[in-house]
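Notes follow the structure.
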Amino acid sequence: MIDYKILVKEAYEAQKYAYIPYSHWAVGAALLTKEGKIYRGCNIESSTFSPTNCAERTAFFKAISEGDKDFAAIAIVGNDADTPIGEGDFCPPCGVCRQVMTEFCQRDFEIILARDYDDYKVYTLAELMPLISLPLSK
Ligand code: THU
């Protein structure tokens with residue numbers, strides 16, 4: 001049974017390190033492996049914009065580069081840097097991050113979107129990425 005609240009807390013911890021001099025939009029992610037390990041990720045921006053990496057992909061790439069590839073869930077938080085926790089909205093993953101999720105996760109992979117420590121919604125990858133067959137079905 002996944003403890004969503006712990007994962008959301010980890011995402012908020014990750015968010016503190018967001019490098020966001022251009023957008024001021026801070027995102028944190030906490031990726032849970034099936035073995036129970038958590039990888040944190042934040043968004044990292046660049047003055048030339050395109051090298052910017054989303055928080056979700058930071059967490060995935062950290063995990064994969066450390067040899068983990070079986071994932072159960074990811075919690076995501078995101079808001080303007082000046083917006084206090086609880087006063088913002090949910091921050092759904094972008095299409096590029098959803099595509100990366102389909103590369104490494106199954107249909108029942110859970111995506112937790114939080115706008116506060118105890119205010120979150122849970123989706124499956126199949127819900128956020130419908131009508132896709134491969135490689136998600138591996
Ligand atoms: N961003 C993420 O890190 N994850 C998302 O799900 C949405 C967007 C980042 C990219 C960029 O640094 C900033 O948020 C504004 O788009």
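Some points to look at:
- Positions within segment 10-25 being outside any loop (DSSP other than H, G, I, E, B) and farther than 18 Å from Lys62 by Cβ, in sequence order: Trp25
- Subset of segment 1-15 (residues that are modelled with pLDDT of 95 or more and either hydrophobic (A, V, I, L, M, F, W, C) or over 14 Å from the mean Cα position of the chain (by Cα) (or both)): Asp3, Lys5, Ile6, Leu7, Val8, Ala11, Ala14
- Residue that is part of a strand (DSSP E or B), under 16 Å from Tyr12 (Cβ atoms) and either at pLDDT 95 or above or out of contact with any helix residue (DSSP H, G or I) (no Cβ under 6 Å at 6 or more places or on another chain) (or both), where the choices are Gly28, Gly86: Gly28
- Filtered residue count, segment 89-123, keeping only those that are in a loop (DSSP other than H, G, I, E, B), of a type outside the set (D, E, K, R) and out of contact with any Ser or Thr (no Cβ under 7 Å at 6 or more places or on another chain): 8
- Residue, surrounded by the fewest Cβ atoms within 10 Å (Cβ to Cβ), within segment 13-61, restricted to residues that are touching a Gly at 6+ places or on another chain (Cβ under 9 Å) and without any contact (Cβ under 8 Å) to a residue 24 or more places away in the chain: Phe61
- The single residue among Asp116, Asp108, Asp68 that is over 13 Å from the mean Cα position of the chain (by Cα), on the phi < 0 side of the Ramachandran plot and exposed (fewer than 14 other Cβ atoms within 10 Å of the Cβ) turns out to be Asp108.
- So Ala59, is it closer than 29 Å to Leu131 by Cα, assigned to a strand (DSSP E or B) and of a type in the set (A, V, I, L, M, F, W, C): no
- The set of residues from segment 31-56 being within 16 Å of the ligand (Cβ to nearest atom), part of a strand (DSSP E or B) and within 25 Å of Asp118 (Cβ to Cβ) comprises Leu31, Tyr39, Arg40, Gly41, Cys42.
- Within segment 62-79, the residues that satisfy the criterion of being within 19 Å of Pro135 (Cα to Cα) and in a helix (DSSP H, G or I) are Ala63, Ile64.
The values are calculated or read from the model by the stated rules, or taken from the named source; none is laboratory data. The model shown is predicted, which means the values in this text are computed figures rather than measured ones. Every residue, glycine among them, receives a Cβ derived from its backbone with ideal geometry; neighbour counts consider all protein chains shown.
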